[in-house]
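Colleague: Got a structure for you, questions after.
The values are calculated or read from the model by the stated rules, or taken from the named source; none is laboratory data. These numbers come from a predicted model, not from an experiment. Cβ sites come from the backbone with ideal geometry, for glycine too, and all protein chains shown count toward neighbours.
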Amino acid sequence: MKRKSRRLDLLLVGALLASATTACQDGVATAGDSNAKASQTAAVAIADVVETKAGKVAGSAADADGTVVRLFKGIPYAAPPVGDLRWKPPQSPAPWTDVRDATQWGMRCPQGSSRQGTGDISEDCLVLNVSTPAETTADRLPVMVFFHGGGLTSGTANSDVYNSSGLPRHGVVLVTVNSRLGPIGYMAHPALTAESEHDASGNYGTLDLIASLQWVQANVEAFGGDPGNVLIFGESGGGTKTLSLLSSPLAKGLFHKAIIESGSALISPERATTLESAEERGTKIAAGLGSQDEADVLAALRAASWEDVVAAAADREVGFRANLTVDGWVLPQSVHDTFARGDQHDVPLIVGANSGERGELQENVPLLAKLHSETASSKTYVYNFSHLPTGWRNEPCVAFHGVEIPYVFGAIPDGLTVPTILFLARGGGCTSDDPGVDELDHEVADKTMRLWTQFARSGAPSIESLIEWPAYTGENGQYLDIGATLEVGSGIENAYVAPPEREG
């Protein structure tokens, strides 16, 4: 049943947001629209130096097709989780007095070998990046917070693709987030549970994401963003992160809309890790490190190098897999049960995948869409991304996992030839390293960005001059196919296209 309290909360939020979004139906919000009127403080011009709650940061500015977009890299949103802070909830960052250089990427979080992103690897990695086209703090632009993929194990927000000027050019403030990964971010252990005032362990990476959203609430107005209009979104493992926040009561009030791209598997009833099971794997990791029999097992674990922790967790006999743990605090119940009972955060949701992803389109996306549409009062929208650039379309191959990312961020053509995308393209049957980009790709990217940013502004992705995107219900089963054209279809399960069989 839909909960009346959730409806009332949504109505109150909607009333507050209405005045801030009425003037922005399909364009870039400016200091002259109703967003500016919503500001209760004097407008401050945004320059290359911005003052956050912890101190000043100096970024860089670039002209993006006539729009000045400022990028601030590597801003700490929490203290380095090192020493005694390893495997503890994130703490507030220490303030600084000098202007902090925010023109270089921060550190990538500990992980195994990965070709994703740039920057050295360190536990001092709880940083985020902000791109803003705002001219003053009165602009109050919608905020889009992106969580990168990598299966909770690898990846980084330190990417020219994720931080492209495409989305900011369409009138939003873009935030991309690094958070703890793998065993550093998701290992549980009986001693960690005993140490916790909440009798919980694991899920430290999710606590990082919550801390990043708290930072957004406290600081994004200084970058011209509206803390009352925040969308979270992620692809693959970033979709898992988004689902974790939709399911965690600790994230209440920190965001107002969500998009999940090819990352809905956590909705499956089978994707639930109990605290007991997670602690067993943590005990095996400790044993592999030679720490389990120490008098102070936690001191021994925290003294180990992150490289040794990652290596111990990678041992097949340990059976560790970074996942959300049903710990009774961050995640009181499984994600499936949370949605089935209507306990998720009641916000508008877009969920979808790419046409070459069987499990997502035929299992996870329809299940998540069905549950959210039935138990939340907010609307649910479903998509299938079917587009490929000319070169790959003529091979032929199918829209593989991750191919939508360069289009969502407007990183065409460079985003299609980064090593990760070229690697993933093989799974779709693509064999060439030249995707054959043409003008159509730029058109599809522009349409995709317009849809995503329209949803960020209003919670409804339809654009009168472009497409009427109907909300999904169990009865109509409708979704939007994003390809060379935009077309409404029914039955997302039938959108799957198998990749061509390889010879030999």
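Colleague: Examine segment 320-337 for a residue that is outside any loop (DSSP other than H, G, I, E, B) and of a type in the set (Phe, Trp, Tyr), and state whether such a residue exists.
Modeller: Pass one, segment 320-337, residues outside any loop (DSSP other than H, G, I, E, B): 325-326, 335-337.
Still in the running and of a type in the set (Phe, Trp, Tyr): none.
Checking segment 320-337: not a single residue is outside any loop (DSSP other than H, G, I, E, B) and of a type in the set (Phe, Trp, Tyr).
Colleague: Within segment 254-289, take every residue that is polar (S, T, N, Q) and over 16 Å from PHE233 (Cα atoms) and give me the one that is surrounded by the fewest Cβ atoms within 10 Å (Cβ to Cβ).
Modeller: So the first thing to find is which residues in segment 254-289 are polar (S, T, N, Q), and the list is 262, 264, 268, 273-274, 277, 283.
Of the ones still in play, those that are also over 16 Å from PHE233 (Cα atoms) are 268, 273-274, 277, 283.
Numbers: SER268: 16, THR273: 21, THR274: 13, SER277: 15, THR283: 18.
For segment 254-289, the residue satisfying everything is THR274.
Colleague: Looking at ASP63, ASP98, which one is assigned to a loop (DSSP other than H, G, I, E, B) and either among the charged types (D, E, K, R) or not assigned by TED's automatic domain parsing to the domain that holds ALA304 (or both)? Write out each step before concluding.
Modeller: Working: ASP63 fails: assigned to a loop (DSSP other than H, G, I, E, B).
Within the list ASP63, ASP98, the selection yields ASP98.
Colleague: Follow-up question, since we're still on this one. For GLU357, work out the one condition from (1) over 30 Å from ASP433 (Cα atoms); (2) of a type in the set (D, E, K, R); (3) crowded, with 21+ Cβ neighbours inside 10 Å it doesn't fulfil.
Modeller: For GLU357, the failing item is (1).
Colleague: While we're looking at this one, here's another question. Taking the condition of being part of a helix (DSSP H, G or I) and closer than 17 Å to ALA399 by Cα, how many residues in segment 343-369 meet it?
Modeller: 6
Colleague: Then there's this: Taking the conditions exactly as written (more than 17 Å from the chain's Cα centre (by Cα), closer than 26 Å to ASN163 by Cα, surrounded by fewer than 24 Cβ atoms within 10 Å (Cβ to Cβ) and not assigned by TED's automatic domain parsing to the domain that holds MET449), does GLY228 satisfy them or not?
Modeller: yes
Colleague: Out of GLU395, GLU357, I need the residue that is touching a residue at least 12 places away in the same chain (Cβ under 8 Å), acidic (Asp, Glu), in the same structural domain as ARG457 (by TED's automatic domain parsing) and within 22 Å of VAL444 (Cα to Cα). Which one? Write out each step before concluding.
Modeller: Values: GLU357 fails: in the same structural domain as ARG457 (by TED's automatic domain parsing).
Unique residue meeting the criteria: GLU395.
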